[in-house]
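Every read-out reported here was derived from the displayed coordinates using simple, explicitly stated rules and does not represent laboratory data. Predicted, not measured: the structure shown is a model, and the values here were computed from it. Quick reminder, even Gly has a Cβ in these numbers, built from the backbone with ideal geometry, and neighbours come from all protein chains shown.
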Amino acid sequence: MPEVLEVTEENFEASILKANMPALVDFWAPWCGPCRMLHPVIDEVAKDYEGKAIIARCNVDENPGLAARFGVTAIPTLIFFKNGEQRGSLVGVSPAEEIKKLIDENS
């Protein structure tokens, strides 16, 4: 099964902003019920985009600086990056089709 990358303030720049492919980051927290509901959907998207996009998770409790940097005020928030730039986002629990549309339209 494709790996969903855990990103932190230490590896975000190299793993996401300087990556050689587009990246989707799920900003979440362990105590957030909707975030946990979204996890299997993110895992499914990771499977479908293996080799085409990086799918990652960022725990906002452990990485508050990243949440602040990208204006994450509600979780779950999905932010799509390409060539180091923020290209689109979704807030709340979204179906896989909507997440894939975000990736496809901004890739």
Item to check | Of every Cα-Cα pair in segment 5-106, the percent that sits beyond 20 Å | outcome: 28 percent
Checklist entry - So between residue 20 and residue 86, what do we pick up on full extension, going 0.36 nm a residue minus the alpha carbon distance? => result 22.3 nm
Checklist entry - Suppose every K and R has +1 on its Cβ and every D and E has -1 on its Cβ; what is the size of the dipole of the chain about the Cα centre, in Debye to the nearest 20? => result 220 debye
